[in-house]
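Read through the structure below, which is laid out as structure tokens, and then see the notes.
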Amino acid sequence: MGHAVRSLAALILAAAILICGNGLQNTLLAVRANLEGFPFWQIGLLTSAYFVGFIAGCQQTPAIVRSAGHIRAFTALASIASASALAHAIAVDSVVWVGLRVITGFSLAGVQMIIESWINEKTPNEARGKVLASYRIVDLGATMAGQGLLAVASPEGFILFAIISILISLSLVPVALTKSSAPQPIAEAKLDLKKLTAVSPLAAFGSFAVGAANGAF
């Protein structure tokens with residue numbers, strides 16, 4: 001398992017930096033929107049808009065990867081996410097922010113999908129559970145660290161948005177320099193809720209309930 005993790009260290013590092021930036025962004029936007037006097041329903045809409053983009057990104061990323069390759073697709077999507085983070089500070093407007101959240105969700109879904117499919121393909125079956133568990137520890141730890149960065153500067157200023165952009169941009173470096181060979185292009189992603197529910201009704205309902213509870217929290 002140790003060898004498998006070491007061979008994927010660059011990708012896991014990229015994920016940690018990226019998720020740290022996104023963790024800060026998700027918390028910062030809710031706090032800043034409240035300080036700007038956005039109604040609560042608009043703050044909820046901002047959160048929901050991210051996941052609209054996220055679903056679209058999961059569906060469209062395979063085509064982008066087939067066209068441009070894993071590294072170039074990652075570079076393009078991460079650059080868009082980085083620019084979007086700065087745009088929030090330039091245009092403090094609820095309508096603009098909803099659009100930016102869709103763009104951010106799309107981009108972040110793509111880069112995470114690329115990293116996770118890369119890790120999944122390059123991990124041998126006998127180590128898969130341990131490697132993915134390690135990845136999830138990094139995922140949750142980076143999210144926590146990102147939220148902690150909220151204390152670095154005032155949420156009313158520009159600095160935190162700049163930090164988000166810097167972190168997302170830095171996540172490009174390990175992927176661009178990794179020695180791990182790129183995996184096969186991602187197969188077409190299709191969201192089939194009817195089939196999913198038929199295969200496991202309890203899991204489908206449970207996922208919906210947990211997602212709704214976590215989203216509200």
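Working note: 222 nm ellipticity from helices only, DSSP H runs with n ≥ 4, each -39,500 (n - 2.57), summed and divided by the residues of the chain, gives -27000 deg cm²/dmol to the nearest 500.
Distance between the 7 Å Cα→Cβ label points at Ser48 and Thr197: 1.9 nm.
From the Cα gyration tensor of segment 141-211, with a ≥ b ≥ c the square roots of its eigenvalues, which class applies: rounded if a/c is under 1.5, or else prolate if a/b is larger than b/c, or else oblate? Oblate, since a/c reaches 1.5 and b/c is not below a/b.
So what's the convex hull volume per residue for the Cα atoms of segment 72-169, in Å³?
In segment 72-169, the Cα convex hull volume per residue is 96 Å³.
Inter-label distance, Ile90 to Arg136: 3.9 nm, where each label sits 7 Å from its Cα along the C-beta direction.
Of the residues Lys194, Lys122, Lys179, Lys130, the one with the largest accessible area comes first in the ranking Lys179, Lys194, Lys130, Lys122, computed with a 1.4 Å probe on protein heavy atoms. Taken about its Cα centre, the chain carries a charge dipole of about 540 debye when Lys and Arg each add +1 at the Cβ and Asp and Glu each add -1 at the Cβ.
Kirkwood radius and radius of gyration were both taken over the C-alpha atoms of segment 45-128, and their ratio Rg/Rh is 1.07. The order of the peptides 59-69, 39-49 by mean Cβ neighbours within 10 Å, most packed first, is 59-69, 39-49. For the pair Ala76 and Glu36, label points projected 7 Å from Cα toward Cβ lie 2.9 nm apart. Highest GNM mean-square fluctuation among Asn125, Asn26, Asn34, for the chain modelled with Cα contacts below 10 Å: Asn125.
Restrict the search to segment 120-202; then list the chymotrypsin sites (Phe, Trp or Tyr not before Pro) that DSSP places in a loop and that have at most 14 other Cβ atoms within 10 Å of their Cβ. Intermediate results must be reported in sequence, preceding the final value.
Working: sites: Tyr135, Phe158, Phe161; in loops: Phe158.
Of the chymotrypsin sites (Phe, Trp or Tyr not before Pro), the ones in loops of segment 120-202 whose Cβ has at most 14 other Cβ atoms within 10 Å are Phe158.
Each of [x] 18.1; [y] 17.0; [z] 17.7 is a candidate for Kirkwood radius over Cα pairs in Å; the one calculated from this structure is [x]. Could you work out which residue, out of Gly157, Gly99, Gly21, moves most in a Gaussian network model of the chain, that is, has the largest mean-square fluctuation with Cα springs under 10 Å? It is Gly157.
The values are calculated or read from the model by the stated rules, or taken from the named source; none is laboratory data. Remember, it's a predicted structure, so these values are computed and weren't measured experimentally. When we count neighbours, we look across all protein chains shown, and the Cβ atoms used for this are built from the backbone with ideal geometry, even at glycine. When the accessible area is computed, the model is the full protein with side chains, heavy atoms only, and any ligands, DNA or RNA have been set aside. Shrake-Rupley method; radii C 1.70, N 1.55, O 1.52, S 1.80 Å.
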